[in-house]
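See structure below.
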């Protein structure tokens, strides 16, 4: 995961620096399509949980003016994490630790036992909103947006011993636990022009969210890095503003 993020950030940084050093162009002379579509690779990372999820990211946008757009954003990714007692709320921690001590007292668990439940996770994100675009450079359009939307997360624990089975039966009676929650943060990146209708988009979002707040004590920051082709089409958008 760290290698993937370093690669994405490195490419974004190098490309952005090159564009900043390039000669400025008259934006009004450049084609700006009324519509754009993006689809590419995404890497969603929640460091607080040790959860890394590679997946897919797509966006559909409309440009009412050259300097802003509105659109829909969706991503889906999956990965694995390890659920531990320390991630639970205090009351739930006390309950699990109490049961664990009883199992140890009866010789059903070793004295140094630590609860670690391997868990598969899937994350879907949905967002709709505006985006500011800076088109002063001929080869790149830089953009910045608020990241506001909804997150749907599924978690499927895989207990590996009888005690874990008891805990999982309490936390996720159906075997898989799902939740919807909101998120907020900021995102941005660059759309690098290859041809009039085709580009390479690289972007990063950082959002705060708190799914499963009944069994997870704390919210978390989640980061999404993505890269892929963008397609621009429709009538050329004219008008004042960069």
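Bear in mind these aren't lab numbers, they're just calculated from the coordinates by the rules spelled out. None of these values were measured; they are calculated from a predicted model. Because the Cβ atoms are built from the backbone with ideal geometry, glycine has one as well, and the counts that use them run over all protein chains shown.
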Exercise. Among the residues of segment 178-189, is any farther than 22 Å from residue 79 by Cα, buried (at least 20 other Cβ atoms within 10 Å of the Cβ), touching a residue at least 12 places away in the same chain (Cβ under 8 Å) and touching a helix residue (DSSP H, G or I) at 6+ places or on another chain (Cβ under 9 Å)?
Worked result: yes
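For (1) within 24 Å of the chain's Cα centre (by Cα); (2) buried (at least 16 other Cβ atoms within 10 Å of the Cβ), each residue gets a yes or a no:
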position: 68; (1), (2): yes, no
position: 77; (1), (2): yes, yes
position: 85; (1), (2): no, yes
position: 90; (1), (2): no, no
position: 97; (1), (2): no, no
position: 101; (1), (2): no, no
position: 105; (1), (2): no, no
position: 110; (1), (2): no, no
Exercise. Residues 229, 162, 173, 146: which one is more than 21 Å from residue 55 (Cβ to Cβ), touching a residue at least 40 places away in the same chain (Cβ under 8 Å) and loosely packed, with under 14 Cβ neighbours inside 10 Å?
Worked result: 162
Problem set entry | Filtered residues of segment 39-55 (kept if under 11 Å from residue 225 (Cα atoms) and loosely packed, with under 15 Cβ neighbours inside 10 Å) | 54
